[in-house]
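The values are calculated or read from the model by the stated rules, or taken from the named source; none is laboratory data. Since this is a predicted model, take the numbers as computed values, not measurements. Positions of Cβ are generated from backbone atoms using ideal geometry, with glycine treated the same way; all protein chains shown enter the neighbour counts.
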Amino acid sequence: MHAHNESKEKKKHILSNRPQSFSIRLEQMLTRQFSSSIPSFKRLTENAFSLNEWLFRKELFKLYRRIVRTAYKTHERRELIEFAKGQFIQNKEVAELNQRKYLLNVGMKQFRDMSKTMGFSLDVGLKPSDL
């Protein structure tokens, strides 16, 4: 039995010391080096946004940044930012894209009205036709 194990070990040693082609060695080296640093494709695509969703989020963040910039030009900045943040948090659970676009348009209208009331002549830069 002991002799059988020795012959297995010799075969493994001989097989491991055989010259390999360059492409196989390169592939093994790259796989070993980068496999831990590259996330799996499945994880990348699990939470990926569609193009429409990505464009919507871009416009949403644009509106939020514009609101915060405007709020810092007033004395009531803390209250305005808290109100805007509360509105965004309140509506973050809405899943349907069309309803979210509607809420974005309502938010843009409220922002325009607020900026006119406070004496700012700011344009959000978004038109409902863009969405």
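Summary of values
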{"item": "Boolean, THR74 is among the hydroxyl-bearing types (Ser, Thr, Tyr), farther than 15 Å from LEU104 by Cβ, in contact with a Phe, Trp or Tyr (Cβ under 8 Å, 6 or more places away or on another chain) and surrounded by 10 or more Cβ atoms within 10 Å (Cβ to Cβ)", "result": "no"}
{"item": "Boolean, LYS109 is modelled with pLDDT of 90 or more and more than 25 Å from the chain's Cα centre (by Cα)", "result": "yes"}
{"item": "Filtered residues of segment 69-93 (kept if assigned to a loop (DSSP other than H, G, I, E, B) and not basic (Lys, Arg))", "result": "TYR72, THR74, HIS75, GLU76, ASN91, GLU93"}
